[in-house]
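Have a look at the structure below, then the notes.
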Amino acid sequence: MANSIPGIGGSSSSQQVDLLETSRAAQQNVQTTPQSASDPASPTGEAASLSNLGSFIATAVKLAGTQSSIRPDKVASLKAQITAGTYQPDPDAVAARVAAALKS
């Protein structure tokens, strides 16, 4: 399972680690939550699982909301190349990225 999505949000490694640790803690809680001994089909484990999943999703949403999708260093570099007239994107790479984006 990937713990980050490359190129999305420009998240720092410390925030990716926080998200990964939250996920691991939620999984450990689910694995250690005992079900009712009298009823093996008791929803107790399922409720704990859903609760932990909800907590994990809320944490992921909060972390994602604090990220900027703009990378100032990359923008500055591209602006400088455009201004200097040296920016020459690879047309094949651009076409491949556009085609991939249209497929998904």
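Worth a mention:
- From the list 41, 93, 48, the lone residue that is assigned to a helix (DSSP H, G or I) and at pLDDT below 70 is 48.
- Residue satisfying all of: in the stretch 74-90; surrounded by fewer than 10 Cβ atoms within 10 Å (Cβ to Cβ) and in a helix (DSSP H, G or I); nearest to the chain's Cα centre (by Cα) among these: 83
- Qualifying positions in the stretch 67-82 - of a type in the set (Val, Ile, Thr) and either touching a residue at least 40 places away in the same chain (Cβ under 8 Å) or in contact with a strand residue (DSSP E or B) (Cβ under 6 Å, 6 or more places away or on another chain) (or both): 70
The values are calculated or read from the model by the stated rules, or taken from the named source; none is laboratory data. Source: prediction; values computed, not measured. Cβ atoms come from the backbone with ideal geometry, glycine included; neighbour counts cover every protein chain shown.
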